[in-house]
Amino acid sequence: MSEKYFPKEVWALTAMDGLLEKQVPRLEAVLPTNKEQASKLRHDMALAMLRDVVKALKGSKYIGDHILIISPDQRIREEVAQEVVFRQLQNVEKGLNAAFDEGSQWLAENKRADALLFIAPDLPLVTATAINRLIESDDGNSQRTIILCPSRGGGTTVIYKRPITLDFNPQYTNPTTNSQTFRKHCIEAKRVLNGRPPLLFDSFVFSTDIDVEEDLIELEVHGQETETWEIVRTLLAYHGPNNRDYYFSPSTHKSGV
């Protein structure tokens, strides 16, 4: 029987490349016109989504407390990271690319992890069950494995690599554009795996990153148990003939999560 290479310890990494008030840039069209209100809403939404992701990770039987958050925003240390590891992003100019590199390097040097799960912080619909299934899709038949999850817009929301030292450094582009990073990441992963394609894990909860107006519909339908919905639900109103266009109502905006 051939040797199996199942990971003994998996660490999760999630990251933000800017301050909380600078998140969800593509929702700008439906944010309040008042800059202070819009900034506060960005802060509250970003924090709530991050908490939903951390909750799912902590519920995973493979992750638990093995969570690293990287961000230039030190407030996350107090708001979210009491029970996980927080590191301040050093190379802010390179954003998520630096976060992935810095996180991988730090974990390789300081933890006995042999697999890394890099997950976007704006996936409030993600569940512990979905995370377990993704990790279990690593069948252990190869010494090197990469698993990628696509977003509906052509991006990449989750990257799993084993071993953690695998030389796979995917590049993300400006999040304000609908960049097709998933295809680029597949090409790079295939190169790293010497011509073998990465595993693809196509999942609704992993594909639904909340960053454009249409995503708010999915949050309303599927995410009413999330902290993110608790922030969003009192802020949304409808307009337009199809009753599916959203805007944020500043008068109902309440601070906090």
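The values are calculated or read from the model by the stated rules, or taken from the named source; none is laboratory data. Values in this document were obtained by computation on a predicted structure and should not be read as measured data. We place every Cβ from the backbone using ideal geometry, glycine too, and count neighbours over all the protein chains shown.
One line per residue, one yes/no per condition, for (1) modelled with pLDDT of 95 or more; (2) crowded, with 17+ Cβ neighbours inside 10 Å:
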position: V92; (1), (2): no, no
position: S104; (1), (2): no, yes
position: E109; (1), (2): no, no
position: T145; (1), (2): yes, yes
position: K161; (1), (2): yes, yes
position: D167; (1), (2): no, no
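Would the range 174-195 turn up any residue that is acidic (D, E), in contact (Cβ under 8 Å) with a residue 12 or more places away in the chain and farther than 23 Å from E3 by Cβ? Looking for residues that are acidic (D, E), in contact (Cβ under 8 Å) with a residue 12 or more places away in the chain and farther than 23 Å from E3 by Cβ, one finds at least one in the range 174-195, hence yes. Evaluation of W106 against the conditions (1) at positive phi; (2) in contact with a strand residue (DSSP E or B) (Cβ under 8 Å, 6 or more places away or on another chain) shows that the sole unmet condition is (1). Just one of the numbered conditions (1) surrounded by 16 or more Cβ atoms within 10 Å (Cβ to Cβ); (2) charged (D, E, K, R); (3) modelled with pLDDT under 85 is not true of D215: (3).
Kindly provide the set of residues from the range 137-163 that are more than 26 Å from I210 (Cβ to Cβ) and charged (D, E, K, R), ordered by number.
If the condition is that a residue be more than 26 Å from I210 (Cβ to Cβ) and charged (D, E, K, R), then D138, D139, R144, R162 are the ones that fit.
Checked against the criterion of being more than 20 Å from H185 (Cβ to Cβ) and surrounded by fewer than 20 Cβ atoms within 10 Å (Cβ to Cβ), the candidates A46, A56, A98, A29 yield just one match: A29.
Inspect the range 154-170 for any residue being without any contact (Cβ under 8 Å) to a residue 24 or more places away in the chain and over 23 Å from L107 (Cβ atoms) and give the result as yes or no. Looking for residues that are without any contact (Cβ under 8 Å) to a residue 24 or more places away in the chain and over 23 Å from L107 (Cβ atoms), one finds none in the range 154-170, hence no.
For E109, the criteria (1) free of Cβ contacts under 8 Å to residues at least 60 places away in the same chain; (2) within 30 Å of D139 (Cα to Cα); (3) within 19 Å of the chain's Cα centre (by Cα) hold in every case but one, which is (3). Pairs are defined by a Cβ separation below 6 Å, a sequence spacing of at least 6 or placement on different chains, a first member in the range 89-103 that is in contact (Cβ under 8 Å) with a residue 60 or more places away in the chain and outside any helix (DSSP H, G or I), and a second member that is crowded, with 16+ Cβ neighbours inside 10 Å and of a type in the set (S, T, N, Q); the pairs so defined are L89/S71.
Could you check, for the range 79-95, whether at least one of its residues is of a type in the set (G, A, S) and more than 19 Å from Q171 (Cβ to Cβ)? Please lay out each step first, then the result.
Going residue by residue through the range 79-95, those that are of a type in the set (G, A, S) are 81, 95.
Now drop any that are not more than 19 Å from Q171 (Cβ to Cβ), which leaves 81.
Scanning the range 79-95, I find at least one residue that is of a type in the set (G, A, S) and more than 19 Å from Q171 (Cβ to Cβ), so the answer is yes.
For the range 41-63, give me the residue count where each residue is outside any helix (DSSP H, G or I) and farther than 14 Å from T14 by Cα. Result for the range 41-63: 3. Do we find a residue being in contact with a Lys or Arg (Cβ under 8 Å, 6 or more places away or on another chain) and under 23 Å from A130 (Cα atoms) anywhere in the range 47-64? Within the range 47-64 (the criterion being in contact with a Lys or Arg (Cβ under 8 Å, 6 or more places away or on another chain) and under 23 Å from A130 (Cα atoms)), the answer is yes, since at least one residue qualifies. When D65, D73 are checked against the criterion of being buried (at least 18 other Cβ atoms within 10 Å of the Cβ) and modelled with pLDDT of 90 or more, a single residue qualifies: D73. Of the residues making up the range 73-129, those that are of a type in the set (F, W, Y) and within 17 Å of E9 (Cβ to Cβ) are W106, F118.
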